[in-house]
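Just below is one structure, and these are the notes that go with it.
The values are calculated or read from the model by the stated rules, or taken from the named source; none is laboratory data. From a predicted model like this one, the values you see are computed outputs, not experimental measurements. No Cβ is skipped: glycine too gets one built from the backbone with ideal geometry, and neighbour counts run over all protein chains shown. For accessibility, only protein heavy atoms count, side chains too; no ligands or nucleic acids. Shrake-Rupley method; radii C 1.70, N 1.55, O 1.52, S 1.80 Å.
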Amino acid sequence: MDHKGRRLRLQKALPAHGLDGLLVTHLPNIRYLCGFTGSAGALLLTQAGSVFFTDGRYTVQARAEVKAAKLVIASKAPLATAAAWLSAHQQGGARRAAPFRVGIESEHMTVAARSLLAGTLPSNFRLRRAPALVEKARMVKDRNEIQCLRSAVILGASLFDRALDVIRPGVREAEVAAEMEYAAHKAGAQEMSFTTIIASGRRSALPHGRASQAAIPGQGFVVCDFGVILSGYCSDMTRTVYVGHPSAQARGVYRAVKQAQQAAVDAVRPGISVGEVDHAARKSLQKSGLAKYFTHSTGHGVGLEIHEAPRVAAGQNEVLQAGMVITIEPGVYVPGKWGLRIEDMVVVTERGCEVLTPTSKELVTI
Ligand code: ZN
Ligand code: ZN
């Protein structure tokens, strides 16, 4: 991964945002910018270069992972170390006419952490809420990242075969999830992208119904939403199967969701806004009168985090660019009755998009 190039591009952009430095504290952003995969760190970017702060537990790991940046390892928490280092090394006032403006990631910083910074830094420093610069850069994936995402998607998709082996009437949802997660770890996944969702019967109407102790009924939809993390990158997919013999109505609503999902996939190309992709799915569901049951957004960016920019939702203006990786996941949910969703991951290409998820979307009955 080109960590140094990513940092240089960001450093160059700081003055345009009225910043002399950016203090990165969100761990996925730290990983993106310097490769550090541990759980405690802070990264300072200034025009002069980058400084990475961590604690003694990560001495060996930080030296191995973080290249071309200055390393400061102390016994204190990384943020406290960063504040002390800034105070000692980045003099404002006395030598500079203007105060030193430090950007913080306000979406990710606690009030306590901000107070610690404000209380430690001398009066010639100013804390500024930085725009989501790193998240913005992370939206467009480079070739290496797309390769990582492809591998995660393939491993993730293999778990659906396991689900099909296990899903039977009377089997508990949690048991299905456990079998899938066991298979994932045996196949080399670092961890699951999120807690596996297996939602059967009436619970299928809960868009984020985590696998429960409920037994799978003899009749109805089972929503399976799952993903793995491989080399730090997340996969995410949903397939809905039918246990028992589906009625014509059940087949009809499945077909409508499948068509809506395809309509949104077909809309994905560079230059179109994510709001328009969302609209394509909703418009398709309007034809069958199901749009009012589609109660969440159409998708989200996915990469080092399971949910990242852009949000593929109504009213969102972000314009798709080649290299963005998003999910397309319309669903319909009739509370207390049934629900279903179909989700793929797609990468935006120069002309349109490529669906990364290899799994068929035909209705599987068990
Ligand atoms: Zn999902
Ligand atoms: Zn998703």
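Scan segment 206-217 for residues that are over 24 Å from T365 (Cβ atoms) and either modelled with pLDDT of 95 or more or buried (at least 19 other Cβ atoms within 10 Å of the Cβ) (or both) and the total you get is 1. Would you confirm whether any residue within segment 329-336 is within 14 Å of ligand 2 (Cβ to nearest atom), open to solvent by 40 Å² or more (accessible area, probe 1.4 Å), in the same structural domain as A260 (by TED's automatic domain parsing) and in contact (Cβ under 8 Å) with a residue 40 or more places away in the chain? No, segment 329-336 contains no residue that is within 14 Å of ligand 2 (Cβ to nearest atom), open to solvent by 40 Å² or more (accessible area, probe 1.4 Å), in the same structural domain as A260 (by TED's automatic domain parsing) and in contact (Cβ under 8 Å) with a residue 40 or more places away in the chain.
Only one of the numbered conditions (1) among the acidic types (D, E); (2) out of contact with any Ser or Thr (no Cβ under 8 Å at 6 or more places or on another chain); (3) open to solvent by less than 20 Å² (accessible area, probe 1.4 Å) is not met by E105, and that is (2).
Of all residues in segment 160-186, those satisfying the criterion of being of a type outside the set (D, E, K, R), more than 16 Å from ligand 1 (Cβ to nearest atom) and in contact (Cβ under 8 Å) with a residue 40 or more places away in the chain are L164, I167, P169, G170, V171.
Criterion first (within 31 Å of the chain's Cα centre (by Cα), β-branched (V, I, T) and closer than 25 Å to D20 by Cβ) does V134 satisfy it?
Numbers: within 31 Å of the chain's Cα centre (by Cα): yes; β-branched (V, I, T): yes; closer than 25 Å to D20 by Cβ: yes.
Yes, satisfied.
Kindly indicate the residue of segment 108-121 that is open to solvent by less than 50 Å² (accessible area, probe 1.4 Å) and under 14 Å from W85 (Cα atoms) and also farthest from the chain's Cα centre (by Cα) among those meeting that condition. Among those residues, the one meeting the criterion is L121.
One line per residue, one yes/no per condition, for (1) assigned by TED's automatic domain parsing to the domain that holds R128; (2) closer than 28 Å to E191 by Cβ; (3) touching a residue at least 12 places away in the same chain (Cβ under 8 Å); (4) open to solvent by less than 30 Å² (accessible area, probe 1.4 Å):
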{"residue": "A13", "(1), (2), (3), (4)": "yes, no, yes, no"}
{"residue": "L27", "(1), (2), (3), (4)": "yes, yes, yes, no"}
{"residue": "T46", "(1), (2), (3), (4)": "yes, no, yes, yes"}
{"residue": "G49", "(1), (2), (3), (4)": "yes, no, yes, yes"}
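When segment 218-232 is limited to residues that are open to solvent by less than 30 Å² (accessible area, probe 1.4 Å) and not in a strand (DSSP E or B), the one that is farthest from ligand 2 (Cβ to nearest atom) turns out to be G232. Of all residues in segment 337-358, none satisfies being in contact with a His (Cβ under 9 Å, 6 or more places away or on another chain) and within 20 Å of D142 (Cβ to Cβ). Counting only helices (runs of 4 or more DSSP H) that sit wholly inside segment 130-205, those with at least 2 residues that are open to solvent by 60 Å² or more (accessible area, probe 1.4 Å) are 143-166, 173-186.
Out of the strands (runs of 3 or more DSSP E) lying entirely within segment 285-366, which hold 3 or more residues that are within 16 Å of ligand 1 (Cβ to nearest atom)? Reasoning before the result, please.
Numbers: elements: 299-301, 308-312, 325-328, 331-334, 338-341, 344-348, 353-355.
Hits in segment 285-366: 299-301, 308-312, 325-328, 331-334, 338-341, 344-348.
Within segment 251-276, the residues that satisfy the criterion of being among the aliphatic types (A, V, I, L, M) and in contact (Cβ under 8 Å) with a residue 40 or more places away in the chain are V253, A256, V257, A260, A264, V265, V268, I272, V274.
Table: residues versus (1) within 16 Å of ligand 2 (Cβ to nearest atom); (2) modelled with pLDDT under 95; (3) open to solvent by less than 30 Å² (accessible area, probe 1.4 Å).
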residue	(1), (2), (3)
C234	yes, no, yes
M237	yes, no, yes
G244	no, no, yes
A264	yes, no, yes
R269	no, no, no
L285	no, no, yes
A291	no, no, yes
F294	yes, no, yes
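Given the residues R57, R95, R114, R128, which is the only one that is at pLDDT 90 or above and over 19 Å from N29 (Cα atoms)? Don't jump to the end; show me each part of the working.
Numbers: R95 fails: at pLDDT 90 or above; R114 fails: over 19 Å from N29 (Cα atoms); R128 fails: over 19 Å from N29 (Cα atoms).
Checking each option against the conditions leaves just R57.
Being touching a residue at least 40 places away in the same chain (Cβ under 8 Å) and either within 16 Å of ligand 1 (Cβ to nearest atom) or under 22 Å from the mean Cα position of the chain (by Cα) (or both) holds for only one residue in G218, G209, G232, and it is G232. If the condition is being farther than 24 Å from V274 by Cβ and open to solvent by less than 50 Å² (accessible area, probe 1.4 Å), then segment 339-366 contributes L363, V364.
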